[in-house]
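Shown next, in structure tokens, is the structure this report addresses.
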Amino acid sequence: MTAPLFDTEDSEIVVALVAPIGCNREYAHIALKEIFEGRGYTINDLKLSDALPFLADAIDVELKERPYLDRVNSYMDAGTKLRRQSGRGDVLALSAVNEIAQRRPVADAGSPLDQRLLRHVHVLDSLKHPDEVRSLRQIYGPGFYLVGVFAPRAVRKRHLIDERYLSEEQAEQLLNRDAVEEAEREYGQRTRDTFHLSDVFIDVSNTGRAREALERFFALVFGDPFITPNADEFGMQAAASASFRSGALARQIGAALVNKRGDLISVGHNEVPRAGGGLYCATDSPDGRDLALGVDTNTQRLKEIAREAARELERAGLIGDVDGAAQVLAGSKLRDITEYGRTVHAEMEALLAAARTGVAVRRATLYTSTFPCHNCAKHVVAAGVDRVVYIEPYPKSEALLLHGDAILHAGEEDPRPRGAEEGSDRSGPVVLEPFMGVAPRRFAGLFGIVRPDGTELERKGADGRRVELPPRERTHPRIPMLSLAYPDREEKACAVLIEVHNRIREAAHGEDGTD
């Protein structure tokens with residue numbers, strides 16, 4: 001085989017954690033350190049919040065170190081204000097990039113350009129805004145891995161009460177603020193919106209299984225060709241693939257039904273139904289999709305309803321500003337209504353596709369790229385589906401509120417009656433749970449034995465026997481970063497960070513800042 005154009009065997013890796021508050025991130029750190037040291041890597045730990053004390057005066061925020069609740073809230077305040085004043089949701093991530101770049105060696109004049117920190121892993125703790133993920137992926141490409149650290153809400157709440165001595169009300173407020181700051185939608189804390197962008201999802205409420213999951217994921221990263229997808233990863237990949245068929249104007253959603261034996265029963269995506277059964281597709285003529293018509297009927301109709309309601313209030317003498325009232329109504333719970341959309345939802349289509357072919361769905365697992373809405377949820381319950389696995393949250397859904405008698409979210413106490421188990425016709429509530437495992441975005445790159453650059457990973461030798469894997473310290477990332485690209489992107493990120501710092505200092509002191 002021709003020698004590779006670039007020497008990438010000892011390339012760096014950038015790992016970031018995203019975790020809702022109350023998760024055991026410390027365990028994830030310990031596990032990552034042991035995993036990478038076992039592969040001969042040097043660990044460079046970076047806490048994004050470490051940049052805040054240096055900027056606290058400039059952004060006029062008092063950082064507190066104790067008690068715990070005051071500390072967390074003050075750092076959240078500082079992070080939000082920094083993002084708002086800089087106009088960048090990624091400003092703390094850029095600070096971490098700057099730290100990495102400062103440690104990078106400078107090539108000698110006349111020597112080949114190589115600024116890599118060989119066999120180094122940079123661990124960033126922790127991301128709180130989607131812009132941070134997007135920028136880090138632009139800079140480091142496939143060498144960046146986002147680890148979603150999960151624990152059920154009930155476990156996290158109990159941790160805040162028992163270990164951090166918060167009241168139940170304080171714990172609830174902190175959990176809600178960490179998920180998304182409703183008053184600061186653009187620049188506030190947005191852990192919920194960041195978490196689902198992960199490359200792998202790990203449940204740390206069981207440390208033994210969490211360690212195994214991290215070991216497995218990074219074994220894939222380092223080119224182990226013998227690891228294959230588990231049932232949930234296969235089902236979610238099928239759902240994700242189905243979503244790409246959608247031409248919906250709002251978002252692409254996919255779903256897949258898998259039976260107890262692991263057989264794929266059906267798939268579905270959100271799209272407009274066509275006469276005769278099924279959904280419109282790109283080859284249909286005429287094309288009846290919203291994509292072709294150019295309008296989302298649900299959004300359009302809700303605006304009409306809001307204006308009609310405002311006019312009725314005006315006629316009753318209750319308001320004098322129709323336009324203002326219509327705008328307020330359009331931003332109320334009205335916006336959560338979905339019944340005026342023409343599209344069949346992905347979960348519904350997966351159920352309908354099974355019905356069209358006469359396949360039973362009772363006791364099946366439904367994989368969906370997004371948490372099901374309350375309309376889909378009631379049909380999932382009625383169809384007899386046992387379990388629903390999702391990745392992306394859907395705050396508009398009131399599935400749990402409306403169907404708490406029939407749906408159980410993972411992490412809550414299971415109320416199913418004793419004896420109603422595997423052999424029973426009625427096995428209790430449908431269990432909704434977040435997806436754990438390798439995300440669909442990494443599925444082909446990590447499970448395929450042909451790497452993205454076309455290099456094939458060997459599973460057998462010339463004698464037909466399974467090859468032996470090399471010692472861990474001699475393994476290399478299967479999708480490496482190229483040193484001729486990302487240092488330049490780091491330099492751009494650092495230049496933006498300097499500009500941001502100068503702008504903040506100028507606003508705070510009325511004079512030029514320094515880099």
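The values are calculated or read from the model by the stated rules, or taken from the named source; none is laboratory data. Note that the coordinates shown come from a computational prediction; the quantities given were computed from them, not determined experimentally. Cβ atoms come from the backbone with ideal geometry, glycine included; neighbour counts cover every protein chain shown. Note: areas computed on protein heavy atoms with side chains; ligands, DNA, RNA excluded. Shrake-Rupley method; radii C 1.70, N 1.55, O 1.52, S 1.80 Å.
For residue 394, the residues whose modelled amide H falls within less than 5 Å of its own, excluding neighbours fewer than 5 places apart on the same chain, are 371. For the chain, pairs of C-alpha atoms spaced more than 29 angstrom apart make up 60 percent of the total. Amide H contacts of residue 279 (H built 1.01 Å from N, in plane; Pro and chain starts excluded): 274 sit under 5 Å, all sequence-distant by 5 or more or on other chains. If R0 is taken as 60 Å, the Cβ-Cβ distance between residue 275 and residue 485 corresponds to a FRET efficiency of 0.75. Note on residue 128: aspartates and glutamates with a C-alpha under 16 Å away, same-chain residues under 8 apart excluded, are 50, 77, 90, 178, 181, 182, 184, 186, 193, 199, 392. A Cα-only calculation for the range 57-150 places Rg and Dmax at 16.6, 55 Å. Using only Cα coordinates, the Kirkwood hydrodynamic radius of the range 348-405 works out to 11.8 Å. With K and R counted +1 and D and E -1, the other residues having a Cβ less than 11 Å from that of residue 202 yield a net charge of 0. Accessible area per residue for the chain, computed on protein heavy atoms with a 1.4 Å probe, is 50 Å². Helix-only arithmetic for the chain: the sum of -39500 (n - 2.57) across DSSP H runs with n ≥ 4, divided by the residue total, places the mean residue ellipticity at 222 nm at -12000 deg cm²/dmol. Restriction of the GluC sites (Glu not before Pro) in the range 133-206 to DSSP coil positions whose beta-carbon has at most 14 other beta-carbons within 10 angstrom yields 163, 186.
Applying the Karplus relation 6.51 cos²θ - 1.76 cosθ + 1.60 with θ = phi - 60° to the range 246-251 yields 3J(HN,Hα) values of 6, x, 4, 6, 7, 7 Hz, where x marks Gly and Pro. When peptides 398-407, 77-86, 42-51 are sorted by average Cβ neighbour count within 10 Å, with the highest value leading, the order is 77-86, 42-51, 398-407. Probe radius 1.4 Å, ligands and nucleic acids ignored: give me the carbon and sulfur share of the accessible area of the chain as a rounded percent. Answer for the chain: carbon and sulfur cover 50 percent of the accessible area. Across the options 20, 89, 218, the greatest Cα extent toward the positive end of the charge dipole of the chain (unit charges at beta carbon of Lys, Arg, Asp, Glu) belongs to 218. The range 33-53 to the range 270-313: how many Å between their Cα centroids? If you average the Cα positions of each part, the centres end up 49 Å apart.
Quick note on the range 126-267: its Rg to Rh ratio, both from C-alpha atoms and Rh being the Kirkwood radius, is 1.01.
Restricting the trypsin sites (Lys or Arg not before Pro) of the range 200-255 to loop positions (DSSP other than H, G, I, E, B) with no more than 15 neighbouring Cβ atoms within 10 Å leaves 251. Amide H contacts under 5 Å for residue 431: 387, 388, 408, restricted to partners 5 or more places along the chain or on a different chain, H placed in the peptide plane at 1.01 Å from N.
Under the combined filter of DSSP loop state and at most 14 neighbouring Cβ atoms within 10 Å, the range 242-347 retains these GluC sites (Glu not before Pro): 339. Using θ = phi - 60° in the Karplus curve 6.51 cos²θ - 1.76 cosθ + 1.60, the 3J(HN,Hα) couplings for the range 46-55 round to 9, 9, 4, 5, 5, 6, 5, x, 6, 10 Hz; x is entered for Gly and Pro. For residue 301, the shell of other residues with beta-carbons less than 14 Å away shows a net charge of -2, using +1 for Lys and Arg and -1 for Asp and Glu. Peptide packing for 494-506, 316-328 was compared via the average number of neighbouring C-beta atoms within 10 Å per residue; ordered from the highest value, the list is 494-506, 316-328. For the range 1-95, taking Cα atoms only, Rg and Dmax work out to 18.1, 61 Å respectively.
Full extension of the chain between residue 299 and residue 62 gives 81.1 nm of extra length, using 0.36 nm per residue less the Cα-Cα distance.
With the convex hull drawn around the C-alpha atoms of the range 453-502, the volume per residue stands at 118 Å³.
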